[in-house]
Amino acid sequence: MPASKKTNRILACDNADLDTAFLLSMLEADGYSNVTWINDARQVIPWLQREAFDLLVLDIDMPFINGVELTRLIREQFSEASLPILVITASADKEARNLALFHGANDYLNKPVDSVETSLRVRNLLTIRDIYKRQQNTELELEHKVKIRTDKLDMLIKNGIMMASEHDRTKLLNQILLESQKLLHCDGATLYLVTDDKTLRFAQRTRDDQLPMAEIPLFHADTGQPDERFVSTYVALHNTPVLIDNVALETRFDLSGTRQFDEQTGYKTISLLTVPLASVTGEVVGVLQFMNALDAATGQVIAFAPGMLHLVQALAAQAVVALDNLQLMEAQEQLMDNLFQMIATAIDAKSPYTGRHCSRVPELALMLAQVAHDDQTLFADFRFETADEWREFKMGAWLHDCGKVTTPEYVIDKATKLETINNRIHEIRTRFEVLLRDAEINRLLAPQAGQTADQANAQYAARAAQLQDDFAFLATCNTGTKPLTAPDLARLAQLAGTTWLRHFDDQLGLSVAETERRIGEPVVQLPVLEPLLADKPRHLFERDTSHHIDPRYGFKMEVPEKLYNHGELYNLSVIRGTLTLEERFKINEHMISTVMMLENMRFPKSLRRVPEYASTHHETLTGTGYPRRLTSADLSIPSRIMAIADIFEALTAPDRPYKKPNTVSEAIKVLFELKQARQIDADLFDLFLSSGLHIAYAHCFLKPEQIDEVDIAAYLGPVTP
């Protein structure tokens, strides 16, 4: 009976043709048909290097190179298990045979060979080779599986790192889907998120078609019971994954939506894996659904392997942590944004005199920053590269006047020179009423002193006219609508010397603080003559000596000796405007408060420049601003933007009750003067005009009557000497 055909490849080398022919006939009789014979030992190694053989039959006694040496050379490249060697020798010399075995021969035969013995030894050696090959294949297969698992674990680790570092919600959701799809090697994936209304909302999917707008309720609207009909709602309600090998055969869930989608798109969903996204507390925040697992070799749709479930659950856990972190960050950012906007809104609401300044300045600043960001010429190097940088600038703009929370309202709102909590012009007017009444009394008593009625009436009329004129003068000075001249100051001093008679004790009905300020004043006997305009010690408010401005902030502002001076003559003698030196400092001091408040806050790294952006809009390029007298070298482009935005808004604000708002052209003229004085950035001013931003802003925030023509050509170009 002929032997079954065997596939093993055998290489035989023997220079004796008869011996070789006999050996070949024996091997063929045993079914080994794939035998290669060569008679030159020098060709053995090249053959082995070119092709793979399962057995080498080698004669020891050959010319050019003997079998022992050849065995040694072969073993430098091939192990005993990977290439068994059967040596054949006609010599009875045991030493040669032992040397061959020593150098790596697996077995030997003596010539003349016996066919049965040869068959058995060849079989045994090929068995060793087969065992080696199976072991090698097993190792390779195991190594391949380990590599696949390791790659997936590496993918999980990499994905976790990537998700932890992603702060953009859309990118994060897309990354969760794509990485999950890659991990499972499937055709598509969909992400649902649980809404506050207890529904599943389509948040993202890997296919390019439009996301459905409809949401899937988790509970029945009529009964309030869980709606477990759909696989996605079941997974969300029970926090458990579901595997479906074949959608067509599925009976547990209503898959009509999936089938309808297939009909509309021509897609064919076969296998499904649906996994919950649950936090560590067990709260399900979303659902991941994967469609059609693919065979890595053929690309055919197959069922999802149950062994992959724990990997995708691990990825889902990573996704939940990333989503939780992102939602926490978004909530913190939103809270901070709302807090800063609330501060700005509170400052605007604190005084009608500032209108909506704190909310309009950020709008204009962001508009100008966008124009500068888009400019490719003078501002080509200026860029806000990330959303965080834009937010940082916006926060600085919102907080640019936050220090005004420390400024007394009556100082911010001081519309007249004598105004504190109330307008003290009424006290002065009352004194004039007393003087007029005294003049009336003197007229009535004049006849008793020997005057005629006509004389008394004439004197009274002159006195009344003078009092009316003097009060009108004081009232005009009080408004601060025009600068005072030297004659005006002289007349104020003269009027201050006018006296009136006080009959009542001015120490009665005082607060504790008022009483303390009057300690040391002499006790006078009533009635007493009082000056018409008084600068008294009680009008001086001392500065708190325990409160010093920390020099580490680098403020360069002259601090008045007194905190306030409410002296009547002192206030009325203010040459321009309504504010005294002390009050002007108090208003400017809001920048000191802004700096100290913000620089003492521990802003995150993404907002570290908020104090800079919020505190430099009163600085000038010439170093004459406040609070630090910074120069052009110290002021960044965003800081220069803030200065222009703050000035233009203040000039055009349509809701200041104490002044008529400027037109656009009037405000541009003022800004141009500041440009010529090199106090604001000339290039930014030109960009503000050439981009048409002044008109765009005006149409958004100003009254129609404020918007007029501006000949921008007259204002553009370099600063003239």
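Select from region 509-534 the residues that are exposed (fewer than 11 other Cβ atoms within 10 Å of the Cβ) and among the small types (G, A, S) and write down the one among them that is modelled with the lowest pLDDT.
G520
Select from region 535-552 the residues that are surrounded by 10 or more Cβ atoms within 10 Å (Cβ to Cβ) and of a type in the set (K, R) and write down the one among them that is farthest from A496 (Cα to Cα).
The residue in question is R543.
In region 658-679, how many are closer than 24 Å to A397 by Cα and not in a helix (DSSP H, G or I)?
Matching residues across region 658-679 total 5.
Residue-wise test of (1) at pLDDT below 95; (2) in contact with a Pro (Cβ under 7 Å, 6 or more places away or on another chain).
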residue: N600; (1), (2): yes, no
residue: L607; (1), (2): yes, no
residue: I644; (1), (2): no, no
residue: A653; (1), (2): yes, yes
residue: Y658; (1), (2): yes, no
residue: T663; (1), (2): yes, no
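Does region 263-273 include one or more residues that are more than 17 Å from P212 (Cα to Cα), aliphatic (A, V, I, L, M) and either assigned to a helix (DSSP H, G or I) or in contact with a Pro (Cβ under 9 Å, 6 or more places away or on another chain) (or both)?
yes
When K5 is evaluated against the numbered criteria (1) in the same structural domain as I128 (by TED's automatic domain parsing); (2) in contact with a Gly (Cβ under 8 Å, 6 or more places away or on another chain), which criterion, by number, is the only one it fails?
(1)
Taking region 468-483 on its own, how many of its residues are within 60 Å of the chain's Cα centre (by Cα) and part of a helix (DSSP H, G or I)?
8
Step by step: first the residues of region 450-508, then only those that are exposed (fewer than 11 other Cβ atoms within 10 Å of the Cβ) and of a type in the set (V, I, T), then the one that is farthest from G567 (Cα to Cα). Which residue is that?
Here the residue is T452.
What about E589, is it part of a helix (DSSP H, G or I), over 32 Å from the mean Cα position of the chain (by Cα) and either buried (at least 20 other Cβ atoms within 10 Å of the Cβ) or modelled with pLDDT under 90 (or both)?
no
Where residues in region 399-426 are assigned to a helix (DSSP H, G or I) and in contact (Cβ under 8 Å) with a residue 60 or more places away in the chain, which of them is surrounded by the most Cβ atoms within 10 Å (Cβ to Cβ)?
Here the residue is K404.
Which of (1) in contact with a Pro (Cβ under 9 Å, 6 or more places away or on another chain); (2) not assigned by TED's automatic domain parsing to the domain that holds M591 does F432 not meet, given it meets every other one?
(1)
Among the numbered criteria (1) within 21 Å of L311 (Cβ to Cβ); (2) aromatic (F, W, Y); (3) free of Cβ contacts under 8 Å to residues at least 60 places away in the same chain, which one does Y234 miss?
Every condition holds for Y234 apart from (1).
Does any residue of region 313-330 turn out to be in contact (Cβ under 8 Å) with a residue 40 or more places away in the chain and on the phi > 0 side of the Ramachandran plot?
No; the residues of region 313-330 include none that is in contact (Cβ under 8 Å) with a residue 40 or more places away in the chain and on the phi > 0 side of the Ramachandran plot.
Can I216 be described as of a type in the set (A, V, I, L, M), modelled with pLDDT of 75 or more and exposed (fewer than 12 other Cβ atoms within 10 Å of the Cβ)?
No, not satisfied.
Quick check on region 210-253: of everything there that is in a helix (DSSP H, G or I) and touching a strand residue (DSSP E or B) at 6+ places or on another chain (Cβ under 7 Å), which residue is farthest from T269 (Cα to Cα)?
Here the answer is L237.
Return a yes/no flag: does region 305-324 have any residue that is over 30 Å from A415 (Cβ atoms) and in contact with an Asp or Glu (Cβ under 6 Å, 6 or more places away or on another chain).
No, because not a single residue in region 305-324 is over 30 Å from A415 (Cβ atoms) and in contact with an Asp or Glu (Cβ under 6 Å, 6 or more places away or on another chain).
Would you pick out the residues in region 560-575 that are surrounded by fewer than 18 Cβ atoms within 10 Å (Cβ to Cβ), of a type in the set (A, V, I, L, M, F, W, C) and assigned to a loop (DSSP other than H, G, I, E, B)?
I575
Looking at region 274-295 only, could you name the residues that are in contact with a Pro (Cβ under 6 Å, 6 or more places away or on another chain) and surrounded by fewer than 22 Cβ atoms within 10 Å (Cβ to Cβ)?
Within region 274-295, V284 is the sole residue that qualifies.
Scan region 103-130 and report the pairs whose first residue is more than 23 Å from F78 (Cα to Cα) and whose second residue is polar (S, T, N, Q) and part of a loop (DSSP other than H, G, I, E, B), with Cβ atoms within less than 9 Å and a gap of 6+ or a chain change.
N110/S91; K111/S91
The values are calculated or read from the model by the stated rules, or taken from the named source; none is laboratory data. Because the structure is predicted, anything quoted here is derived from the model rather than measured. Here Cβ is always computed from backbone atoms with ideal geometry, including for glycine, and neighbour counts include all displayed protein chains.
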